[in-house]
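Please read the structure below before turning to the comments.
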Amino acid sequence: MTVVKADFDRALTLGRPPNITGLFPNSRALIVSGKVIDRAMLRKGRCMTIAANARNSFIIRGALSAAQRANAAIIIEIARSEGGAKAYCPINYWNMATMVDAAMNELGISIPVAIHADHYVIKKDGDIDLAKVEIPTMFEAGITSIAIDASHLSDDKNLLTNLSLSQMVPTWAGYETEVGEIKGTSGLSTVDEALFLIQGLNAHNIFPDWIALNNGTTHGIEASGTGIDVELTRKIHDRLAPYQISGAQHGTSGNSKKKLQAIAQQTRTTKANVATALQMVAWGVDINDYGNAKLDSEGRLVKIKNEGVTDAIWEEMKGYAAAQGWQAGNYKNLNLPFENRLLGQPLAIRQRMSKRVDDFVYHLLTEVFNAKDTAELAVAAILRQGSHDLGAKGERLENPTDWTGEKIVQRAATLDSDKGPAGDFDD
């Protein structure tokens, strides 16, 4: 079942945010707010969609093609570590919308797509001043959704940072917040920490669309074998239910399909970030049923012959990585120096790279995430509202006088919080 053309045309007129219509006035790409994608998943129920980390252009094309086949609304995203000012990927906060819009028009993609700035990380006070400059420029460049991630900070500073930086986000845009830095089984998020963050935002009329948790996953190649704690996630989501917030699942690569199905069916999760697996799939690296790259006995990635990049370029990539001292987990850094080299491959090679991503994402959307046919639900949400701005899901339940700056610090001091070990957990 696909979207009726008349409905699509109306949604194209009504549903594209002002930054998108200004940037791409003649486009036929239905780029929408992240709110639209979230509402479509909630409307269907017991489903989530992919937020595909666009580490290279082949991932963009493959993910879009898969979503079109599945008639699923999706999100294309990049994180600050991947696509910020010090990026290791050629796709970044400022060119992603342009690349997605071009690919959608070229490929005839008619499903709704949000452009998400994932993990805009704040680690210290100085980052806030830079964020107040950068965040507006990202929306000027076509971002339609953002994750303000101050989870590296203490609970009070996390909340205060979100209160400050949320003012930089257009009211129509999708908005994600995070509690608990993604560290695997260390520093797991608690119900009280999540409730503190969402209640404090609610008191000031700030209603995030998603909350991300440290619920047992890691970024990059999953080595622990533990993965998502579904029950912890369910408990937190149930406690936050009065605030009408959805879940964002980070670190999906390396989790079993059974766990990913469970997180979609048993929690309020509507957004599932996939990054490392897509990169490996595009290159032609062999992966297991968990989406983890296979390694040989010496810890080297296993490349499938005649899949992904040419074998000759794969040897170049391995040689470059070896010269930098990079092991498998750091191969992500190859995206930036090799993008132009990969674009210079024959058409058949480029197409098979994207097709491999297409097949992988299609399977996730239809067999694991239950996102099939959510495109029409996203279009319907726009048409019901008659606008690109769907408004907030929740309403204010908390008293703002209980959440002044001083009281936020006092409340945070009472939380039983374990942030886990220090270190660099970005990906």
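Remarks
- Residue that is nearest to N370 (Cα to Cα) [pool: residues in the stretch 288-309 that are of a type in the set (A, V, I, L, M) and touching a residue at least 24 places away in the same chain (Cβ under 8 Å)]: A293
- Look at (1) farther than 19 Å from T374 by Cα; (2) touching a strand residue (DSSP E or B) at 6+ places or on another chain (Cβ under 7 Å) and you find that N105 fails only one, number (2).
- Total residues in the stretch 1-24, condition surrounded by 12 or more Cβ atoms within 10 Å (Cβ to Cβ) and basic (K, R): 2
- Criterion: surrounded by fewer than 24 Cβ atoms within 10 Å (Cβ to Cβ) and within 20 Å of S27 (Cα to Cα) - qualifying residue of G126, G108: G108
- Every pair of residues 6+ apart whose Cβ atoms lie under 9 Å, when the first sits in the stretch 196-219 and is in contact (Cβ under 8 Å) with a residue 12 or more places away in the chain and at positive phi while the second is small (G, A, S) and assigned to a loop (DSSP other than H, G, I, E, B): N205/A392; G216/G184; G216/S224; G216/G227; G216/G251
- Within the stretch 394-407, residues that are surrounded by 12 or more Cβ atoms within 10 Å (Cβ to Cβ) sit with their Cβ atoms under 8 Å from residues that are of a type in the set (S, T, Y) and assigned to a helix (DSSP H, G or I), at 6+ positions apart or across chains, in these pairs: G394/Y243; L397/Y243.
- Residues satisfying the stated conditions in the stretch 69-89, i.e. under 19 Å from V133 (Cβ atoms) and charged (D, E, K, R): R80, K86
- Test: residue in the stretch 373-384 that is modelled with pLDDT of 95 or more, over 28 Å from L195 (Cα atoms) and out of contact with any helix residue (DSSP H, G or I) (no Cβ under 8 Å at 6 or more places or on another chain): yes
- Residue that is modelled with the highest pLDDT [pool: residues in the stretch 317-339 that are closer than 27 Å to K259 by Cα and in contact with a strand residue (DSSP E or B) (Cβ under 9 Å, 6 or more places away or on another chain)]: Y331
- Candidate set from the stretch 133-167 (those that are out of contact with any helix residue (DSSP H, G or I) (no Cβ under 7 Å at 6 or more places or on another chain) and of a type in the set (S, T, N, Q)); member that is surrounded by the most Cβ atoms within 10 Å (Cβ to Cβ): S166
- Taking first residues from the stretch 331-344 that are in contact (Cβ under 8 Å) with a residue 24 or more places away in the chain and on the phi > 0 side of the Ramachandran plot and partners that are outside any helix (DSSP H, G or I) and of a type in the set (F, W, Y), no Cβ contact under 7 Å between residues at least 6 apart in sequence or on separate chains turns up.
- Being surrounded by fewer than 20 Cβ atoms within 10 Å (Cβ to Cβ) and of a type in the set (K, R) is a property that R55 lacks.
- Strands (runs of 3 or more DSSP E) (entirely within the stretch 199-316) containing at least 1 residues that are touching a Gly at 6+ places or on another chain (Cβ under 6 Å), surrounded by 24 or more Cβ atoms within 10 Å (Cβ to Cβ) and modelled with pLDDT of 95 or more: 210-213, 269-274
- Test: residue in the stretch 352-362 that is within 22 Å of A67 (Cβ to Cβ), out of contact with any helix residue (DSSP H, G or I) (no Cβ under 8 Å at 6 or more places or on another chain) and buried (at least 16 other Cβ atoms within 10 Å of the Cβ): yes
- If you go through the stretch 358-393 and keep only what is of a type in the set (D, E, K, R) and in a loop (DSSP other than H, G, I, E, B), you end up with K372, D373, D389, K393.
- Residue within the stretch 370-391 that is out of contact with any Phe, Trp or Tyr (no Cβ under 9 Å at 6 or more places or on another chain), over 26 Å from T49 (Cα atoms) and surrounded by 17 or more Cβ atoms within 10 Å (Cβ to Cβ) present: no
- Pairs meeting the criteria (first residue in the stretch 346-365 and closer than 22 Å to I74 by Cα and aromatic (F, W, Y), second residue surrounded by fewer than 23 Cβ atoms within 10 Å (Cβ to Cβ) and modelled with pLDDT of 95 or more, beta carbons under 7 Å, at least 6 apart or on different chains) are Y362/R69.
The values are calculated or read from the model by the stated rules, or taken from the named source; none is laboratory data. This is a predicted model, so every value here is computed, not measured. All Cβ positions, even for glycine, are placed from backbone atoms using ideal geometry, and neighbour counts span all protein chains on display.
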